[in-house]
1. Could you give the length gained by full extension between ARG68 and ARG34, i.e. 0.36 nm per residue of separation minus their alpha carbon distance, to one decimal place?
2. Assuming R0 = 25 Å, can you tell me the calculated FRET efficiency for the pair ARG27 and ASP54, based on Cβ-Cβ distance, to the nearest 0.05?
3. What does the charge count around PRO35 come to, taking other residues whose C-beta lies under 10 Å from its C-beta (Lys +1, Arg +1, Asp -1, Glu -1)?
4. Output ³J(HN,Hα) for the stretch 39-48: one whole-Hz value per residue in order, computed from phi by the Karplus curve 6.51 cos²θ - 1.76 cosθ + 1.60 with θ = phi - 60°, and x for Gly and Pro.
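Only the coordinates and a few stated rules stand behind these numbers; no lab work does. As the structure is a computational prediction, the values presented were derived from the model and not from experiment. Cβ sites come from the backbone with ideal geometry, for glycine too, and all protein chains shown count toward neighbours.
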Amino acid sequence: MNQTPGWTVVPNAATGRGAMRQHFDRRIHPATLRPLAPDFRCVDCVFVVFRRVDDGPPRMKCSRKAARRRGPDLKPDFPACDAYQPAPGAPAGPDQD
C-alpha cells in the first residue's frame with residue numbers, strides 16, 4: 001500500500017453475488033423470472049433468439065423474457081425456465097444423448 005500523500009486507499013472488492021446468481025440461488029430464471037427447469041438448458045429451447053448489437057458477436061436472448069425488460073445475455077449452460085420447449089433437433093429429455 002502506498003502511503004504517499006494524496007493517495008486514497010481503495011479497499012479490495014467485496015465478494016458478492018451478481019444479479020443473475022441471486023436469481024439462480026432463488027431458483028428463478030434471470031430472463032423470464034419464472035421457476036427453473038434444471039433438467040434442460042436454455043441453448044436447446046425454441047424461445048432462444050440471437051441478436052446482434054452494433055458490430056459485436058450475436059448475443060443469445062430469450063424471446064419469452066419478462067415484460068418490460070431487455071433480458072440478460074444467456075449462456076449455453078444456463079438452466080432453462082419452466083416455459084422450456086425443445087427446439088427442433090434438441091434432445092428430447094434429460095436422459096437422452
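1. 10.8 nm
2. Calculated transfer efficiency: 0.15.
3. +2
4. Computed from phi, the couplings for the stretch 39-48 are 7, 10, 10, 4, 4, 9, 8, 5, 7, 6 Hz.
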